[in-house]
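What follows is a single structure, written as structure tokens, with notes after it.
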Amino acid sequence: MAQAADDQLLKGIAYGALGKFHEPRDADRAFACYQDSAEFLRDVEPGGADALAIEHTLTTLVRLAWLYVLRNDARGKAVLDRAEALRAASQVPDEVLGMLEQSWGEYWAPRR
């Protein structure tokens, strides 16, 4: 439906849901879905979007950043920074804020 409507927000939400579905089953496919979701949601801004759009965008960014951090990929910092900027400019549910803080903790944890 999102593809037929050519709605970037709906595509981003759909790909984020697919990423969450694939995460425990196929990490590479989940990674690709989160990357696509973040691309579709890249234009969501706090001032021009509703709370649901911001929540989905932030959730996707945090999950993508988590996967980057676990892979020791330098792109994780940029995604976390983007998520942090979105969080600072909008009201965020506690469960999403918790995921963001956990991702930052993993990012700053010493590597063995």
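Could you identify the single residue in L100, L10 that is at pLDDT 90 or above and surrounded by 14 or more Cβ atoms within 10 Å (Cβ to Cβ)?
Step by step, each of L100, L10 is checked, and only L100 is at pLDDT 90 or above and surrounded by 14 or more Cβ atoms within 10 Å (Cβ to Cβ).
Criterion first (in contact with a Ser or Thr (Cβ under 9 Å, 6 or more places away or on another chain), surrounded by 21 or more Cβ atoms within 10 Å (Cβ to Cβ) and among the charged types (D, E, K, R)) does R42 satisfy it?
Here the answer is no, as R42 does not meet what is asked.
Of the numbered conditions (1) within 11 Å of the chain's Cα centre (by Cα); (2) open to solvent by 50 Å² or more (accessible area, probe 1.4 Å); (3) modelled with pLDDT of 90 or more, E106 fails exactly one; give the number of that condition.
For E106, the failing item is (1).
Among residues belonging to the range 53-84 that are charged (D, E, K, R) and under 19 Å from V96 (Cα atoms), point out the one that is surrounded by the most Cβ atoms within 10 Å (Cβ to Cβ).
Only one residue fits best here, namely R63.
All but one of (1) within 23 Å of E106 (Cβ to Cβ); (2) not in a helix (DSSP H, G or I) hold for S37, so report the exception by its number.
(2) is the only condition that S37 fails.
The conditions are (1) among the acidic types (D, E); (2) open to solvent by 70 Å² or more (accessible area, probe 1.4 Å); (3) at pLDDT 90 or above, and D50 fails exactly one of them. Which is it?
It fails just one condition, (3).
The values are calculated or read from the model by the stated rules, or taken from the named source; none is laboratory data. The model shown is predicted, which means the values in this text are computed figures rather than measured ones. Methodologically, a virtual Cβ is constructed for each residue, glycine included, from the backbone with ideal geometry; neighbour enumeration extends over all protein chains shown. Protein only, heavy atoms only, side chains kept; ligands, DNA and RNA dropped before computing areas. Shrake-Rupley method; radii C 1.70, N 1.55, O 1.52, S 1.80 Å.
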